Structure formats: C-alpha cells, structure tokens
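Read the structure below first, then the notes.
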Amino acid sequence: GPFTSSRGISQGKYPACSPGGCSAGRGVTKRGTAGGTAGAGAGAGAGAVAVAEAGGPPLFSRFVCTPLSTECPATGTGTGTAAGSAAGPEELLALRSAAAQLRRTALEQKERIRMDQETIRELTGKLSRCEGGLRSAPAAAGLRAAPHPGTMGHPPDEPPAVRELEEAVRTLQDRIDRIEQELPARTNGSAPTAPTLARDALHTKMEQLEEQLLSKILTLQKERQAASTDHSQQQHNIEKELNSLQNRVTELEHGPLGYSPPDAFKVTIPVQNNYMYARMKKSLPELYAFTICMWLKSKALAGIGTPFSYSVPSQANEIVLLEWGSNPLELLINDKVAQLPLSLKDKAWHHICVAWTTRDGKWSAYQDGEQRGAGENLASWHSIRPQGIIILGQEQDALGGRFDATQAFVGELAQFGVWDHMLAPAEILALANCTSHLQGNVIQWDDQAVEVFGGASKAGFAACEEGRKA
C-alpha cells in the first residue's frame, strides 16, 4: 500500500479520512515476530479487532495520532492544493503593491497641498503689495494735475506707479487662472477626503482674491475718471495762475496800472478762441427784473459772438446775449429766446442795454440810447437764480466753462453794469450820452472786480472820447 517498511512510524502520502477523527493511515507500522513488516491501511479499531481474532498477543502497544485539517483534499490528483498554495504569495505581492501605490498617492497629495498653501501665501503677499500701490495711486494721480510745458493742456502719461499696479493685477489674474486649470476636477459622488477639502479651501481663497482684485480695479478706474473730470478745472486754475503771474510781471515792468477812476478801463479780446475771456468776481442775487448795459466794439467779420453770459449750476443759459453766425442778436433767459433788432457789426463803439421783468416777461433793447425793440412773454414769471458766474466774451455750456470758439466775442468791452430793475429810457439815454455816471446797484465796473484770462488784457478807456473818435 502507501506505506513503506521502516523502523518505527512512517507517514504515508495522504491521511485516511474516517468518521472517527483519528486514523492510522498516517502510517502506523508494526513489527512482526517473523521480522517481516506489514502495513495496515485500516483504522486503529479495525487493527485491534484483527489481532484479537487471531488470538495472538498484541503486536504494538500504542497509536501515534496526528491532527488533521478540517477539510479533506479533493479526490483524484493533488493539483488543487498545489495551486492554492501557489496563489497565496501572488495575492500577497499584489496587496503589497497596492499598499505602496496608496502610500505614494498620499505623499503626492500631501506635497500638492503644501504647494497650494505656498501659492496662497504668495498671492496674499501680492495682494498686500497691490493694496499698498493703490494707496499711493491717488498721490500719483495728483501729479497729473498740472500739464507739463509743451503739452498744450493735454493730460500727461499715466505715472509709473499706476502702470506697475496694473501689471501686478494682470500677473496675479494669470497666476490664478493657471492654478485653476492645473487643479484636478473633483470626483462626482466620492466622499470628501483631505486633498479634496484642501482644494475646496483653495478655490474659496482664490474666489476671495478675485473679488478683491476686481474691487481694486474698479477703484482704479474710478480714480482715472475723477482725474479726467477734474482736468478742465485744473486747466482753468493753471490759466488763472499764469495770468496772475503775467499781470504781476506787467506791474513790475511798467508799475501799477492805476486806472483813475477805477472804471476807466476796457477789456480787449484780440483773437476769437475758446480761452480768452474776462470774469466778474461778483455774482448775482435772485432777481425778478434787471437792466444790463455795456459799451462794446466788435471786430468780428460775421456775428459778434457772446458779449456776456450768466450761468448757474442748474441752467447754463440763465442770461445770455449772443449773435452766432448769420442769426440775429438774441437775448436768452432761462433758455427762452427773444430776437433783438440791434446792428453792431460796423466795428465801432456802441452803447447797448437790455432790460427785462418777470411780470409778463416784458423786455426792451436799446442801442446808443435809443429803444430799438420790445416784447413780452420772455420767461414770464421766472426769477433769475443766484450764485452763478458772469463771463464776458464767451458762452458757457457748463458752469464757468466748456466754451465754444465759434461763439466767442472778439473786440473790446467796457462799462458792464447790472441793475435790479428796469431803467427808465431817459436814464439809459444819459448813460449813452455820457451825461450821467450811473453805476449798477448789483454789478459795478471796477478794475478790482474784473479778472482776465487766456491772453485778454486791460487798457485805459474813456467812453465819451472813444465814442467821438468812432
């Protein structure tokens, strides 16, 4: 059988399975009296019975039992057990490889989180530098207030601080876009892990940075718009300073002008443009009637332009005397128009007056002391609004500015005065004939009350003598 003859106990190829749980099939051998060896393939109980039936003495005194596995090998060949024992090491190697792969993935995710944290710190530092640059941007914008010599009033180039700030903002935006593209997409339906939560936190931080950057960009754009809006006012202030310096140089060269009396001067505007004019320092109160008189001499080839205009914040054309192109001379009150039958194109001195009252909008116009026209319904029941600006020689499209060269006056002006009532025809005639020296009770013609700008100048003037020369 499957047992071999040997001394002692030898093990067979397979253990024998029996319900008894212990078998001699593991190789129980017995030594016979004849010196021969016979193997027993049956169970221990069966061997004992066989000895008893033979009637002889027992051939051995004890059994040696070996523990068996709970499952018996399949019948036939032993290839199943060999395959199972061979598959165990391969599965163990696969598990070890998977564990190493998971360890490497965890290390990569940890390194990625560290890099993202460094990126957040770098972006935060850049944002702090942006905020510092924005705080210095208004000061840099202020440097653009005064145009450099030779720029003809155009705004200068943007300061380097503003350009550097814009470049930093663009660089940060590109950096954020690259980080968003490089971040892996979140797996749908997967449970949140530590790398996923880190990416979510990074996304939130980047969104906050984007909002802050957009806010800073909008602030910078508003500052640019404010600087552009203030440019005209800054140019006006610069021209005022230049004229003040010019007048000071004239006084140092020729001594003070010293007009005597103070109203014995005229304003000369030699060229038709949009920057030569005179401005009255005093404004008007609220008026329900007025009379405005002045001497003028136009040198224009066509219309005489705008001898004077009065503008208030809510109405640019509160009071305007204007002759533009081929249109007749017009009086505008609160943007309402009346045409005046006056003729002032002979390049000679003329004394003119316009009078108006809010009651029924009555008006009248005088040239050289004679009434040339009258009418009604010109801005009836309107009151002249106070705290405006009076400009001589330019028509205002906005309060104190936005002049149009085609509507400018070119020539000489003098004796501008304003009364708060309609003067009688006899009073106007006396002013034109120089038999009266009546001064306006609202606005008087005085050297200290008139400012000139842009190249307009003052010179001595005697109304009656000039009139006789004309």
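Quick rundown of the values:
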read-out: Residue within the stretch 424-442 that is within 60 Å of the chain's Cα centre (by Cα) and part of a strand (DSSP E or B) present; value: no
read-out: Those residues of the stretch 350-393 which are closer than 11 Å to Ile428 by Cβ, touching a strand residue (DSSP E or B) at 6+ places or on another chain (Cβ under 7 Å) and not aliphatic (A, V, I, L, M), in sequence order; value: His351, Cys353, Ser364, Tyr366, Gln367, Asp368, Gly369, Gln371
read-out: Test: Gln315 is open to solvent by 20 Å² or more (accessible area, probe 1.4 Å) and touching an Asp or Glu at 6+ places or on another chain (Cβ under 7 Å); value: yes
read-out: Leading residue by the ranking (least open to solvent (accessible area, probe 1.4 Å)) among those in the stretch 287-305 that are at pLDDT below 95 and farther than 17 Å from Trp349 by Cβ; value: Gly303
read-out: Positions within the stretch 409-430 being among the aliphatic types (A, V, I, L, M), closer than 21 Å to Ala348 by Cβ and surrounded by 22 or more Cβ atoms within 10 Å (Cβ to Cβ), in sequence order; value: Leu413, Ala414, Ile428
read-out: Matching option when the condition is at pLDDT 75 or above and not aliphatic (A, V, I, L, M), among Pro261, Pro256; value: Pro261
read-out: Residues located in the stretch 274-286, provided they are under 16 Å from Val452 (Cβ atoms) and buried (at least 16 other Cβ atoms within 10 Å of the Cβ); value: Asn274, Tyr275, Met276, Tyr277, Ala278, Arg279, Met280
read-out: Matching entry among Arg114, Arg103 (being in a helix (DSSP H, G or I), modelled with pLDDT of 85 or more, of a type in the set (Lys, Arg) and within 22 Å of Lys205 (Cα to Cα)); value: Arg114
read-out: Gly325 being at positive phi and either touching a Gly at 6+ places or on another chain (Cβ under 6 Å) or open to solvent by less than 10 Å² (accessible area, probe 1.4 Å) (or both); value: yes
read-out: Residue in the stretch 354-393 that is nearest to Glu286 (Cα to Cα), counting only those that are under 37 Å from the mean Cα position of the chain (by Cα) and crowded, with 18+ Cβ neighbours inside 10 Å; value: Gly388
read-out: Tally of residues being of a type outside the set (S, T, N, Q) and either open to solvent by less than 90 Å² (accessible area, probe 1.4 Å) or at positive phi (or both) across the stretch 100-128; value: 13
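Conditions tested, residue by residue: (1) of a type in the set (S, T, N, Q); (2) part of a loop (DSSP other than H, G, I, E, B); (3) under 20 Å from Gly132 (Cβ atoms); (4) modelled with pLDDT under 75.
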| position | (1), (2), (3), (4) |
| --- | --- |
| Asp174 | no, no, no, no |
| Ile179 | no, no, no, yes |
| Ser190 | yes, yes, no, yes |
| Thr196 | yes, no, no, yes |
| Leu202 | no, no, no, no |
| Gln208 | yes, no, yes, no |
| Lys222 | no, no, yes, no |
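The values are calculated or read from the model by the stated rules, or taken from the named source; none is laboratory data. Since we're looking at a predicted model, the values are computed, not measured. Neighbour counts are summed over all protein chains in view; Cβ atoms, including those assigned to glycine, are modelled from backbone coordinates with ideal geometry. Just so you know, the surface numbers come from the protein's heavy atoms only, side chains and all, with ligands and any DNA or RNA stripped out. Shrake-Rupley method; radii C 1.70, N 1.55, O 1.52, S 1.80 Å.
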